[in-house]
Structures are given as structure tokens and as C-alpha cells.
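The values are calculated or read from the model by the stated rules, or taken from the named source; none is laboratory data. Keep in mind that this is a model prediction, so the values were computed, not measured. With ideal geometry, Cβ positions are generated from the backbone for all residues, glycine too; neighbour counts draw on all protein chains shown. Surface areas here come from the heavy atoms of the whole protein model, side chains and all, with no ligands, DNA or RNA. Shrake-Rupley method; radii C 1.70, N 1.55, O 1.52, S 1.80 Å.
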Amino acid sequence: MTYKNVVDDLIDIMSRHHMIVTWGYGNLSDLVTPFKKQNATDESTGKVYNIDYPYAFLQPTTHQLQTNVSRYNFNLIMMEQCDDEPMDVIQAQSNCHEYIKDVLAEIYYNYGLKYDFTLNSSVTAFKEKYNDTVSGMTANISLEIRDGLNDCIAPFAPKAE
């Protein structure tokens, strides 16, 4: 199983979720360029926005390679647009917490043969205010696959003696 296979599975899960409208992948600087775009125009400014909410964003973090295991780590950032009022922020965070639980449950119950997945994710609430206010949760997730190093298939010429 390759890194791309892992990312494809996670993107597939986000794309099949009935509440998540937009999803993306990459560094935080890529947050403004989602995969699924539903353009919306702000009538007061005429600006076109490419993000509709709820928005799930998969940010890769540090991965680990061990002798028989590859461990892939991601931040799953889930956000909704909301008013700046405390109760609206809390409601958006609560909704995003549920969406994260949905994604984790899908991995745990339906991808168990592919991944060694221990449900031990830390989740952090946030609120950010730019042109609009977004609020949500960020979950740290880790997927482990049995992936032994194999010198037999490595593309090397024989070592000179």
C-alpha cells in the first residue's frame, strides 16, 4: 500500500460524507484551494469564494517508517462558517466534532482490514476570523499499515565487491 492509497482512502471517506461539502489536502497554505469547489459570490464585494462549508481539510504531518510498519499522521481540520457569537461558535465546533467522529468511525469499522487504527486522537477546538468567521475542530489521526522493508524489490544494481 502506498502513501497515495492512504490519502485516496481518506479523501474518499470525506467525499462520501453527506454533510461535508468541500474537502482539501496539503499544507495550511493550501487551505484556500480545496478539491471540491462550489463557487459562491459575495454580492457586496463581487469576490468569488471557492469554499463552501462544512469544509474538511487533511494536513499531512510527520510520518514514521519502521522495519515492518509505516505510520501516516495527519491533522484532520473540520470547519464551518459561523457568526462571531459564542453560542454560534460552540455549535459549529460541536457539529465539526461529530463530523470528525463520523470519519474516525468509518476508518475504524470499515477499513479495519487495511489499517491498524487505534482510536486515540486528540481533538482541539478553534475559531478563526478572516473575511468571515470559521470555527471547528482539528483531530490528530494516525494510520498504521504493515509495510515491511523489502530489499528484494528495491531498484538497485548489485553492490560492487
Flag for S135 being buried (at least 17 other Cβ atoms within 10 Å of the Cβ) and at pLDDT 90 or above: yes
Counted residues, region 77-100 - those being within 18 Å of the chain's Cα centre (by Cα) and open to solvent by 40 Å² or more (accessible area, probe 1.4 Å): 5
Please go through region 101-118 and give me each residue that is exposed (fewer than 11 other Cβ atoms within 10 Å of the Cβ) and over 20 Å from R16 (Cβ atoms), ordered by number. T118
